[in-house]
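In what follows, a single structure is set out as structure tokens and then discussed.
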Amino acid sequence: GENVEQHPSTLSVQEGDSAVIKCTYSDSASNYFPWYKQELGKRPQLIIDIRSNVGEKKDQRIAVTLNKTAKHFSLHITETQPEDSAVYFCAATPLVGQGAQKLVFGQGTRLTINP
Amino acid sequence: DSGVTQTPKHLITATGQRVTLRCSPRSGDLSVYWYQQSLDQGLQFLIQYYNGEERAKGNILERFSAQQFPDLHSELNLSSLELGDSALYFCASSVPAGGLYLPDTQYFGPGTRLTVL
């Protein structure tokens, strides 16, 4: 089945700098890649997603890139702010059947923004 | 607020007991998903229901079962509870992306924190 590896597990950056989190997936049939932000004790919140027919997507300070050949995708956060501190999860959606789907998550990255 | 609701927020129970977690999807969403989040296993997919029918299954234990009712709310039943079942249980629902093989965006509820003592 699908396996998603996420790196790094922890990341600390200075406020205003950029942060990059990388994920690799194993199932070449996976075609949807969302990123979720989770604050302590709260629900995972979708921040950006990308589908396999697109190579890059941007939303203000957040961007995601997808390399289908290499089976990896990355989250880029620019001009980081203290409120960006959280755990970030990448996920991949393997093809499991008609009308069926599941998210396979990476292990998470704890991002800390230092003022 | 994602529009997905879950009750209860917290649940404390003893080993060997049975509990029921409840989820109401966003208005208009037909699919409901259940995920378990524990410290050692991360976020793991348990099961998906679409309009009352089971559609996808993950590593859900035989002691766990779920169903989706005609009003589209879903319940996750956990029985013969063990210490290792202590976790956050999330429900998510999705809006169709427009095709049977097009993945849907999933929105998560606030979760139920289960503590087994």
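The values are calculated or read from the model by the stated rules, or taken from the named source; none is laboratory data. For clarity, every value in this text was computed on a predicted model and none was experimentally measured. Methodologically, a virtual Cβ is constructed for each residue, glycine included, from the backbone with ideal geometry; neighbour enumeration extends over all protein chains shown. For the accessible areas, the whole protein counts, side chains as well, though only heavy atoms, and no ligand, DNA or RNA atoms are used. Shrake-Rupley method; radii C 1.70, N 1.55, O 1.52, S 1.80 Å.
For (1) in contact with a Leu (Cβ under 9 Å, 6 or more places away or on another chain); (2) among the hydrophobic types (A, V, I, L, M, F, W, C), each residue gets a yes or a no:
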| residue | (1), (2) |
| --- | --- |
| B:SER2 | yes, no |
| B:ASP40 | no, no |
| B:LEU46 | yes, yes |
| B:TYR50 | yes, no |
| B:ASN59 | yes, no |
| B:ARG63 | yes, no |
| B:PRO70 | no, no |
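Out of all the residues in the stretch A:48-94, which are within 14 Å of another protein chain (Cβ to nearest Cβ), part of a loop (DSSP other than H, G, I, E, B) and free of Cβ contacts under 8 Å to residues at least 60 places away in the same chain? Scanning the stretch A:48-94 gives A:SER52, A:ASN53, A:VAL54.
What are the residues in the stretch B:53-94 that are touching a residue at least 60 places away in the same chain (Cβ under 8 Å) and more than 12 Å from the chain's Cα centre (by Cα), if any? B:SER79, B:SER80, B:LEU81, B:GLU82, B:LEU83, B:SER94, listed by residue number. In this structure, is B:TYR49 within 11 Å of another protein chain (Cβ to nearest Cβ) and under 15 Å from B:THR112 (Cα atoms)? For B:TYR49, the condition - within 11 Å of another protein chain (Cβ to nearest Cβ) and under 15 Å from B:THR112 (Cα atoms) - is not met. B:ARG113 passes every criterion in (1) in a strand (DSSP E or B); (2) open to solvent by less than 10 Å² (accessible area, probe 1.4 Å); (3) under 17 Å from B:THR15 (Cα atoms) apart from (2).
Take A:GLN45 and decide whether it is under 20 Å from A:THR10 (Cα atoms), within 14 Å of chain B (Cβ to nearest Cβ) and at pLDDT 95 or above. Considered against the rule, which asks whether it is under 20 Å from A:THR10 (Cα atoms), within 14 Å of chain B (Cβ to nearest Cβ) and at pLDDT 95 or above, A:GLN45 comes out as yes. The residue pairs whose first member lies in the stretch A:1-19 and is at pLDDT below 95, whose second member is open to solvent by 40 Å² or more (accessible area, probe 1.4 Å) and not aliphatic (A, V, I, L, M), and whose beta carbons are closer than 7 Å, counting only pairs six or more residues apart or on different chains, are A:GLU2/A:SER26; A:GLU2/A:ASP27; A:ASN3/A:SER26.
Among the residues of the stretch B:62-78, is any within 14 Å of chain A (Cβ to nearest Cβ), under 16 Å from B:SER24 (Cβ atoms), touching a strand residue (DSSP E or B) at 6+ places or on another chain (Cβ under 6 Å) and not in a strand (DSSP E or B)?
Looking for residues that are within 14 Å of chain A (Cβ to nearest Cβ), under 16 Å from B:SER24 (Cβ atoms), touching a strand residue (DSSP E or B) at 6+ places or on another chain (Cβ under 6 Å) and not in a strand (DSSP E or B), one finds none in the stretch B:62-78, hence no.
Just one of (1) at negative phi; (2) open to solvent by 30 Å² or more (accessible area, probe 1.4 Å) fails for A:SER30. It is (2).
The residues of the stretch B:35-93 that are surrounded by fewer than 21 Cβ atoms within 10 Å (Cβ to Cβ), closer than 18 Å to A:VAL104 by Cα and hydroxyl-bearing (Ser, Thr, Tyr) amount to a single one, B:SER38. The residue of the stretch A:95-115 that is surrounded by the fewest Cβ atoms within 10 Å (Cβ to Cβ), among those that are assigned to a strand (DSSP E or B) and within 14 Å of chain B (Cβ to nearest Cβ), is A:ARG110.
For the criterion of being out of contact with any Cys (no Cβ under 8 Å at 6 or more places or on another chain), assigned to a strand (DSSP E or B) and without any contact (Cβ under 8 Å) to a residue 60 or more places away in the chain, B:GLN37 fails.
Checked against (1) touching a strand residue (DSSP E or B) at 6+ places or on another chain (Cβ under 6 Å); (2) under 23 Å from A:THR93 (Cβ atoms), B:GLU54 passes all but a single condition, namely (1).
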